[in-house]
């Protein structure tokens, strides 16, 4: 099987599978040639979430990421502006920075070529400093949205706010701008990145996979499909018997006080936004069968004065870790199963409509000239 045959399968899905309510062809989850195409058309030519801006609070703070095979360092420069720079030295291609931290300049570990925080070349030991602009670090577009950082490696036609504008009708009630970071973690999962998007954005599986963690509070039978946008899918899960408590001095109107909105801002930011808190996840594909999941919890500032504030946060963290661990087991299982010779594109439940919305986005980008 080559990428042409895999594309033919996707064209067939686009023309017939969507209207029939079917999942994507199994091969689209493990085909290596298709994954290469995804990296170029989805992750190189679109906005990609790379984390939270709270990691970059002061001049010189930085994080490192990889987007479509491109190593990046995202930082606050000398003027306190956000920058996304190539993390590859222009001399002999060593990676400049590792992990995260704070620095006053970028120094190559190989020959100590040194760069200012805006990416311009500062010094080249034991040689005259080249004047060519190509010796400066390439810079990429970066935007912030509700505290989330997005990078675009190409030439964006729209900004993040435009792509996500339809979500405002929900998010305005949850005041993400007043929710602050209380926890973050990451894990590697042996599955395809699209499976993670699909699993996160459908709640049909709650009763089976999360019977003691999520189902008691947000029962599967109470989910509601929302209207998607060009840049996101959406559904709602409703609380059973006032699961969320509103703090003193803050009133969230119905129905928003009784539910959470679950969404993927394509391709890789996952949100469960609620009146009191938000669980987020950011997906970084490693290869067709491995994905890095960065995730965390935000808490609304109004809860700081609650007498059991520390326990409120700990309960949310414990719940997040529990359902992520449950999902990891299933995600790795279905990735092993989908490559079986008898695997076929399945009929989806009406409760899984967000999977169809995501698949429609996915094929429209991947097949834009097919």
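Here, each number is a calculation from the coordinates, and none is a lab measurement. What you see is a predicted model; the values in this text were computed from it and never measured.
For the chain, set up a Gaussian network in which alpha carbons nearer than 10 Å are linked by springs, and say which option among 302, 340, 322 fluctuates the most.
Largest GNM mean-square fluctuation: 340.
Divide by every residue of the chain the summed helix terms, -39500 (n - 2.57) for each DSSP H run of at least 4, and state the resulting mean residue ellipticity at 222 nm, rounded to the nearest 500 deg cm²/dmol.
-7000 deg cm²/dmol
For the chain, with a Gaussian network of springs between Cα atoms less than 10 Å apart, report the residue from 321, 198, 284 with the top mean-square fluctuation.
321
Just to be sure I understand, if you calculate Rg and Dmax of the Cα atoms in Å for this structure, which of [x] 23.1, 82; [y] 21.8, 71; [z] 23.8, 103 do you get?
Label of the calculated value: [y].
According to the square roots a ≥ b ≥ c of the eigenvalues of the Cα gyration tensor, what is the shape class of the stretch 48-155, taking rounded for a/c under 1.5, prolate for a/b larger than b/c otherwise, and oblate for the remainder? Intermediate results must be reported in sequence, preceding the final value.
Working: a/c = 1.94, a/b = 1.66, b/c = 1.17.
It comes out prolate by the Cα gyration axes.
What residue among 265, 72, 157 shows peak mean-square fluctuation when the chain is described by a Gaussian network model with Cα springs under 10 Å?
Result: 157 has the largest fluctuation of those listed.
Find the relative contact order for the chain and round it to a whole percent, using C-alpha pairs within less than 8 Å whose residues are 6+ positions apart.
It comes to 20 percent, rounded to a whole number.
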